[in-house]
Amino acid sequence: MLVYLLRRLLYVCPVAIGVSAICFMLVHVAPGDPLTAIMAVDATAQEQEAMRAAYGLDKPLPTQYVIWLGKAVQGDLGKSIASGRPVAGEVIGAVQNSLVLAFAASLIAFPLGIFLGFLAGYFRDSWIDRAVTTVAIAGVSLPNYWLGIVLVIIFSVTLGWLPAMGAGDGAWMWDFTHLSHIILPAITLSVVPIGIVARTMRALVGEIYSMDFVQALYAKGLHRGDVLRHVVRNAAPTGLSVMGIQLGYLLGGSILIETVFNWPGTGFLLSNAIFQRDLPLLQGTILVLALFFVLVNLTVDVAQAIIDPRIKRS
Amino acid sequence: MTDTPLLEISDLNVRFDGERTVHAINGLNLSLGQGEMLGLLGESGSGKSVTLKALLRLLPPKRTQIDGSIRVNGADIMTLSGRRLSSYRGGEVSMVFQEPALALDPVYTIGDQIAETVMRHRGIGRKAAMEVALDMLMKVRIPSPERRLKNYPHEMSGGMRQRAMIALALSCRPKLLLADEPTTALDATVQIQILLLLRELQREFGMGIIFVTHDIGVAVEISERVAIMYAGNIVEEGSTRDIIRDARHPYTRGLLSANLHNVAKGTRLEAIAGAPPSLETEPVTCQFAPRCPNALPACEKGLPPFFVPGPGRRVACLLENGATAD
Ligand SMILES: Nc1ncnc2c1ncn2[C@@H]1O[C@H](COP(=O)(O)OP(=O)(O)O)[C@@H](O)[C@H]1O
Ligand code: SF4
Ligand SMILES: [Mg+2]
């Protein structure tokens with residue numbers, strides 16, 4: 001197990017380096033001059049040069065990358081061009097907000113998705129199955145920002161029950177005011193993962209139930225509940241990895257949903273960075289998100305290896 | 001009590017309704033005495049597995065039409081349900097499957113899989129059940145059984161898995177063991193070891209066994225009595241000795257001669273020309289007629305009844321009509 005863990009950790013290094021290089025390059029191949037947004041319209045060529053030098057944009061790309069990476073590993077992601085504040089601080093704050101939202105959305109999506117998927121897989125080809133499948137397809141294909149807007153119109157504008165904007169004042173806390181802010185965005189964000197988890201579980205559970213060993217379990221006199229326990233154990237590794245991937249997406253924050261609800265997370269930050277052509281902020285945010293994704297994948301793989309005896313651990 | 005047969009199947013019919021209708025079993029009668037070993041022989045698709053599954057009530061209820069009666073130790077099992085069905089399955093009658101790699105749950109250890117069965121049937125705790133599991137692994141002669149208890153199926157060889165499957169099936173001391181081609185998926189040498197093991201365990205536990213195979217050599221090797229199935233019914237039955245010496249049904253004879261010719265090469269029985277019928281409609285004539293070298297015009301006119309050429313024998317073939325007159 002330890003060897004497996006170490007090897008898996010070792011694989012992460014080249015991925016992380018690649019990811020950082022891509023992050024760095026992505027922004028540089030984007031058209032447009034990053035400084036135009038903040039530069040005075042009538043700036044002289046000399047002023048422009050000075051500004052460029054101040055942000056290190058005058059050096060050759062590989063040098064810029066090495067400098068950027070060297071600082072990044074020390075937690076220095078540069079300063080936001082728009083706000084002038086350190087990127088690291090802004091990203092960490094946004095990541096925390098997105099984490100909270102992702103966590104809340106998972107809390108809704110995973111139990112519900114698993115439950116619906118199991119139900120459909122167990123009663124395969126019945127009306128329950130068809131109902132769940134319809135709901136799942138609708139969940140995946142409805143534009144979720146549209147759903148967000150509808151929810152806001154119903155629960156905030158018409159009924160006035162829940163706030164429509166922001167995450168509540170001050171730092172996040174699990175109290176009533178903050179929770180009332182998170183309900184609508186969390187529901188909106190959970191719809192796609194509900195659909196995906198439900199559909200995956202349905203296929204998985206249906207497939208396991210049609211395997212020979214299930215008949216053998218009945219043949220040895222087990223009850224329906226015992227067999228269900230076996231099916232759950234068999235579905236767990238795949239189910240876990242699907243949820244891990246979904247969690248990864250959720251953690252990335254949703255640009256559209258965070259924008260609709262003014263939720264100050266990474267998605268919101270990204271969209272601001274893009275519209276303001278805030279290069280360091282964009283780079284920093286993408287880098288942190290990408291590394292997050294790598295980390296989540298690593299965790300899922302390791303967890304899967306722990307619970308699935310079929311995966312060779314040496 | 002002693003003369004209650006262990007198993008009595010009368011007039012069993014099984015039909016699958018789906019995209020395609022299959023008349024899988026057509027009026028099958030079969031009985032088995034206490035502690036008897038019967039070889040059930042037939043080509044692939046002749047309905048052997050369906051017969052065994054009907055016996056354990058494992059056929060999918062929605063798509064399956066079953067009628068007829070099945071009695072085990074005098075009790076009607078067609079009406080069992082709920083807890084009584086669960087305690088019958090694995091308790092009174094249990095099954096060894098053809099492919100142990102598929103019939104064992106891949107994510108549970110062998111020990112757990114045996115122990116949970118024992119716990120269900122005997123209502124004992126996990127620790128005591130593990131003791132039973134260990135004892136069973138010793139009985140089926142698995143080396144270093146303590147270690148094997150903690151193994152997952154994929155960590156064992158095919159032969160070892162089948163031994164574990166047998167240990168599982170016998171862990172609650174069933175009166176009847178259904179062995180569905182338990183050696184087909186194994187190498188020849190392992191196959192013989194498993195056969196010997198089954199025969200030994202049968203003597204030790206005194207249970208009845210239905211041993212399903214499509215290999216007449218194996219059937220003859222292991223059983224006192226054989227029944228030959230074709231297209232969802234038995235076409236000939238008798239003691240192993242009688243069948244070898246004096247097979248009456250043209251299908252049985254075909255199987256035997258095909259086997260004799262091919263013993264050395266170890267090939268299978270498909271040497272009889274032609275293919276088995278599709279079973280889409282209920283049989284009304286001798287199902288073997290299209291492939292039968294001895295077919296008479298009368299064979300196409302109706303189902304041949306059973307003739308009794310000797311004690312403990314029956315043959316469903318019109319050729320016996322004249323033969324019995326001798
Ligand atoms: N669950 C099922 N649904 C539909 N047809 C089935 C099912 N199980 C078996 N059959 C059909 O019944 C016939 C007998 O099958 P089976 O008993 O498995 O043959 P075998 O003698 O090889 O064990 C075959 O034609 C098979 O296709
Ligand atoms: S009844 Fe006729 S067709 Fe059928 S096996 Fe006998 S001889 Fe052949
Ligand atoms: Mg079969």
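The values are calculated or read from the model by the stated rules, or taken from the named source; none is laboratory data. Predicted, not measured: the structure shown is a model, and the values here were computed from it. All Cβ positions, glycine included, derive from the backbone under ideal geometry; neighbour counts span all protein chains shown.
Numbers at a glance
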item: Which listed residue, of B:S31, B:S86, B:S10, B:S81, is within 26 Å of B:L279 (Cβ to Cβ), more than 16 Å from ligand 2 (Cβ to nearest atom), free of Cβ contacts under 8 Å to residues at least 40 places away in the same chain and of a type in the set (S, T, Y); result: B:S31
item: Test result for B:R161, closer than 26 Å to B:L58 by Cα and surrounded by fewer than 16 Cβ atoms within 10 Å (Cβ to Cβ); result: no
item: Test: residue in region A:211-223 that is modelled with pLDDT under 95, away from chain B (no Cβ under 13 Å) and not in a helix (DSSP H, G or I); result: no
item: Verdict on B:P60 being more than 20 Å from the chain's Cα centre (by Cα) and under 29 Å from B:D215 (Cβ atoms); result: no
item: Any hit, region B:39-48, residues being surrounded by fewer than 18 Cβ atoms within 10 Å (Cβ to Cβ) and more than 16 Å from the chain's Cα centre (by Cα); result: no
item: Candidate set: region B:85-98, residues that are within 13 Å of ligand 3 (Cβ to nearest atom) and more than 7 Å from chain A (Cβ to nearest Cβ); chosen: the one nearest to B:R120 (Cα to Cα); result: B:V96
item: Test set (1) within 12 Å of another protein chain (Cβ to nearest Cβ); (2) buried (at least 19 other Cβ atoms within 10 Å of the Cβ); (3) closer than 19 Å to B:Y152 by Cβ - B:A129 fails condition number; result: (1)
item: Check on B:L137, within 27 Å of B:L7 (Cβ to Cβ) and crowded, with 19+ Cβ neighbours inside 10 Å; result: no
item: Residue in region B:145-152 that is within 11 Å of chain A (Cβ to nearest Cβ), without any contact (Cβ under 8 Å) to a residue 60 or more places away in the chain and surrounded by 13 or more Cβ atoms within 10 Å (Cβ to Cβ) present; result: yes
item: Top-ranked residue in region A:170-198 [being over 19 Å from the mean Cα position of the chain (by Cα) and in a helix (DSSP H, G or I); ranked as farthest from A:N262 (Cα to Cα)]; result: A:F176
item: Test: B:T117 is of a type in the set (S, T, N, Q), within 19 Å of B:P153 (Cβ to Cβ) and facing another protein chain (nearest Cβ under 7 Å); result: yes
item: Number of positions in region B:22-42 that are more than 9 Å from ligand 1 (Cβ to nearest atom) and in contact with an Asp or Glu (Cβ under 6 Å, 6 or more places away or on another chain); result: 3
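Residue by residue, here is whether (1) away from ligand 3 (no atom under 16 Å from the Cβ); (2) away from chain A (no Cβ under 14 Å); (3) closer than 30 Å to B:Y108 by Cα; (4) in contact with a helix residue (DSSP H, G or I) (Cβ under 7 Å, 6 or more places away or on another chain) holds:
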site	(1), (2), (3), (4)
B:M165	no, no, yes, yes
B:L168	yes, no, yes, yes
B:S171	yes, no, yes, yes
B:Q191	yes, yes, yes, no
B:L195	yes, yes, yes, yes
B:T213	no, yes, yes, yes
B:R225	yes, yes, no, yes
B:I228	no, yes, no, yes
B:R253	yes, yes, no, no
